[in-house]
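The values are calculated or read from the model by the stated rules, or taken from the named source; none is laboratory data. Please read all numbers here as calculations on a predicted model, not as lab measurements. Cβ coordinates were reconstructed from backbone atoms using ideal geometry, including for glycine residues, and neighbour counts include every protein chain displayed. In case anyone asks, the SASA skips ligands and DNA or RNA and just uses the protein heavy atoms, side chains included. Shrake-Rupley method; radii C 1.70, N 1.55, O 1.52, S 1.80 Å.
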Amino acid sequence: MLIKGLVFKALLVALPIFVISSCSTDEKQDVAKFTQVTMQDEFDTEGAPNSAIWGYDLGTGNSDTGGGWGNNELQFYTDRTENVKVENGYLLITAKKESYNGSSYTSARLTTKGKFDQAYGRFEARIRVPYGQGMWPAFWLLGANIDEVGWPQCGEIDIMEYRGQEPTKVLGTVHGPGYSGGASITKSYSLLNDRFDTDFHVFGIEWGPEYINYYIDDVLYNQITPADVSGEWVFDHPFYIVINLAVGGNFVGAPNNETVFPQTMLVDYVRVYKK
């Protein structure tokens, strides 16, 4: 477990469990501070991402049961500096339109699998997303037991998922047995008179034994509990982090003639806390 320099820009952490029966998306929430950092990357060292924290999923993810990481995505994930690097204090994940190993696009998908995972706490990242039809950036968690039990039994928590053609809206979602794919439990959050691709926003969750609270900046916009899912609650064990920029796929569709390349997802920091 690696903890880098404790240079905090903000520590916004919610009170444990409370009901969100009438929480509007423009409502400021009372917050408290968590100070116990368990993982932190400020992306302050130029070059490749810190290998003590980050590894890569490489290739297309094609298999006999489905293509493109299971979502019919179009990119080939690499660990090349053209697609992923740390520069000027940011992690840059860049999607390019190019012919590469049989694919028409390249990008990158970083993961902490085998390097860092945790059950419960606050997971947050400050991100500026790209834009355009077919752009699919995400900040999410997968159950660390995925190799033993498979997906969706391992559980998936999508902290931030975004369609490039809908620049004012992001989604927070969980997938599990009986509520995966199109049957997932999800809620969107929309900006008023603003877009997610024009500035940085903090995307985070507060996660406890029987709740997952979703935040954007200092706004709580959703809570998911065992009562909300239609199958087994599988969010009671360690999860690891995934950050990626997909191109195309079932969720967003293929890029069109108006999609500009290259497109870059910028990550200012990733931080994880526990109580």
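Structure data summary
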| quantity | calculated |
| --- | --- |
| Residue-averaged 222 nm ellipticity for the chain, from DSSP H runs of 4+ at -39500 (n - 2.57), nearest 500 | 0 deg cm²/dmol |
| Residue-span extension gain [Asn257 to Thr81] - 0.36 nm each, minus C-alpha spacing | 60.7 nm |
| Share of carbon and sulfur in the accessible heavy-atom surface of the chain [1.4 Å probe, %] | 48 |
| Net charge of neighbours whose Cβ lies under 10 Å from the Cβ of Ala125, counting Lys and Arg as +1 and Asp and Glu as -1 | -1 |
| By accessible area with a 1.4 Å probe, ligands and nucleic acids excluded, highest first: order of Tyr105, Tyr211 | Tyr105, Tyr211 |
| Hydrodynamic radius of region 203-245 per Kirkwood, over alpha carbon pairs, in Å | 11.8 |
| Cα centroid separation - region 220-243 against region 152-204, whole Å | 13 |
| Local electrostatic count at Val247 - Lys and Arg +1, Asp and Glu -1, tallied over other residues with Cβ under 13 Å | +2 |
| Phi to ³J(HN,Hα) by Karplus 6.51 cos²θ - 1.76 cosθ + 1.60 over region 79-96, Hz, x for Gly, Pro | 10, 6, 5, 5, 10, 8, 6, 9, 8, 6, x, 10, 7, 10, 10, 10, 8, 10 |
| Per residue value of the accessible surface for region 164-220 (all protein chains in place, 1.4 Å probe), Å² | 36 |
| Using a Förster distance of 35 Å, the FRET efficiency for Thr38-Ser99 (Cβ separation, nearest 0.05) | 0.25 |
| Paramagnetic label zone (point 7 Å from Cα along Cα-to-C-beta, Asp57; backbone N under 16 Å) in region 245-272 | 245-252 |
